[in-house]
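All remarks here apply to the structure that follows.
Coordinate-derived values only; no laboratory data. Predicted model only: the values in this text are computed from it and were never measured. All Cβ positions, glycine included, derive from the backbone under ideal geometry; neighbour counts span all protein chains shown.
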Amino acid sequence: MPTVRTPNAFEKILLIIGILIVMIGYGLIYKVFSVTQTLTWEGLFAIFLWLILICIIILVAVAENMKEELRMVIENQLTELKLLREEVKKKR
């Protein structure tokens with residue numbers, strides 16, 4: 001039966017930061033565009049950088065999740081190796 005992994009503190013903090021970045025970034029960009037009523041190069045740069053920041057947050061979260069999943073796989077493999085060693089010792 002697979003073990004269920006709970007999020008660690010880093011992932012919880014990353015989730016909070018990610019949500020804040022999305023909400024604050026969207027609010028600021030919306031406010032600027034509602035005031036100027038035009039799409040300028042600065043506005044496009046702001047949107048592009050905001051989207052890049054969101055992508056970086058997602059990539060960091062995926063990397064942390066992969067690290068934790070790999071740790072669990074390695075622990076399971078070590079347990080299986082110990083069991084195999086015990087079986088081999090018993091058969092001798």
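Quick notes on this structure:
- Lysine pairs within the chain, Cα separation less than 23 Å, 8 or more sequence positions apart or different chains: 4
- Isotropically averaged projected area of the chain, using the convex hull of Cα atoms (one quarter of hull area), nm²: 8.4 nm²
- Rounded FRET efficiency, nearest 0.05, which uses the C-beta distance separating ARG71 from VAL35 and R0 of 41 Å: 0.25
- Folded to 0 to 90 degrees: helix 9-36 orientation relative to the chain principal axis, Cα: 20 degrees
- Förster radius 22 Å - calculated FRET efficiency between VAL4 and LEU84, Cβ distance, rounded to 0.05: 0.30
- Estimated from helices alone, the mean residue ellipticity of the chain at 222 nm is -31500 deg cm²/dmol (sum of -39500 (n - 2.57) over DSSP H runs with n ≥ 4, per residue).
- Angle of helix 41-91 to the longest C-alpha principal axis of the chain, folded into 0 to 90 degrees and rounded to 10: 0°.
- Mean Cβ neighbour count within 10 Å, used as a protection proxy, ranking 36-42, 10-16 highest first: 10-16, 36-42
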